[in-house]
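Right, one structure below, let's go through it.
The values are calculated or read from the model by the stated rules, or taken from the named source; none is laboratory data. Note that the structure is predicted; figures quoted are calculated from it, not measured. No Cβ is skipped: glycine too gets one built from the backbone with ideal geometry, and neighbour counts run over all protein chains shown. Ligands, DNA and RNA are excluded from the accessible area calculation, which covers all protein heavy atoms including side chains. Shrake-Rupley method; radii C 1.70, N 1.55, O 1.52, S 1.80 Å.
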Amino acid sequence: MRHGCFGGDGMKCVFAKGQGNYLIPADLAAEQFIASLKLGSGASLEAKKARNVKFHRKFFSLLQLAFDIWEPTGEKVWKGIPIRKDFERFREDILILSGHYDVSYSLNGDTKLTAKSISFANCDDHEFETVYQGVLDVVWEKILREANFRSKVEVENVVNQLMGYGT
C-alpha cells in the first residue's frame with residue numbers, strides 16, 4: 001500500500017503537537033502512514049510548520065454543518081440513476097462560489113471552473129483565513145440564513161461548539 005506522506009506524488013502528511021511533545025496524525029494520510037508502521041519501527045520525516053490544524057478542522061465543520069442542513073430541490077434522476085447529495089461536489093461548489101477557483105477550457109471549449117486546493121502545502125494561513133470568510137459568506141447566504149440561524153456570529157458559535165472551542 002502506497003502512502004501519501006512519502007510518495008513521489010507530492011502529497012504530505014500533517015501532524016499536530018500533542019501532550020508530552022509527541023506528534024499525532026492530523027490528517028488521513030498521516031493516520032494511514034502511522035498505521036502502516038510496525039511497533040518500534042522508525043521513520044524519517046522532513047518537518048515544516050503547517051497551517052493551523054484546528055482552523056482547518058473548523059473550516060470542515062462549517063462545511064459539514066451547511067451540507068447537513070442543505071437539501072437539494074426536488075428529487076432528480078439522470079439516465080435512471082437517482083442523483084444524491086455529495087460532500088466533495090458540495091465542497092468544490094462552495095469554494096468556487098466563494099471565489100477560490102481556477103479557470104480553464106474543457107475539451108469542447110467551454111469554460112471550466114475548478115476549486116483551488118486548500119491543502120496545507122498550497123494555502124497559507126492568510127489565504128486560508130480569506131477562504132474561510134468567503135465560504136462562511138456563501139453558506140450563510142445560500143443555506144444557513146434560511147435555516148433559522150440569526151447571524152453569521154451565531155453560525156460561528158455553533159461551529160465552535162461543534163469543535164469543542166466553547167463560545
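Our helix-only sum for the chain, with -39,500 (n - 2.57) per DSSP H run of n ≥ 4 divided by its residues, gives a mean residue ellipticity at 222 nm of -12000 deg cm²/dmol. Of the residues 12, 48, ranked by 1.4 Å probe accessible area with the largest first, the sequence reads 48, 12.
The orientation-averaged projected area of the convex hull spanned by the Cα atoms of segment 60-167 comes to 8.9 nm². Taking amide H atoms as placed 1.01 Å from N in the peptide plane, the amide H of residue 112 lies under 5 Å from those of 104, 105, 106, each 5 or more residues away in sequence or on another chain. The label-point distance for residue 157 and residue 75, in a model that sets each label 7 Å from Cα toward Cβ, rounds to 3.8 nm. Listed here are the pairs 112/142; 85/112; 54/152; 38/58; 54/116; which of them are more than 30 Å apart at the Cα? Listed pairs above 30 Å: 38/58. Rg of the Cα atoms in segment 11-98, relative to 2.2 N^0.38 Å, amounts to 1.54.
A Gaussian network model of the chain, with springs between Cα atoms under 10 Å, assigns the largest mean-square fluctuation among 100, 56, 126 to 126. Each of the GluC sites (Glu not before Pro) that DSSP puts in a loop and that has at most 11 other Cβ atoms within 10 Å breaks the chain; the longest unbroken stretch is 76-167. If every alpha-carbon in segment 114-156 counts as one equal scatterer, what log10 I(q)/I(0) does Debye give at q = 0.27 1/Å? After summing over all Cα pairs, the log10 values are -0.89.
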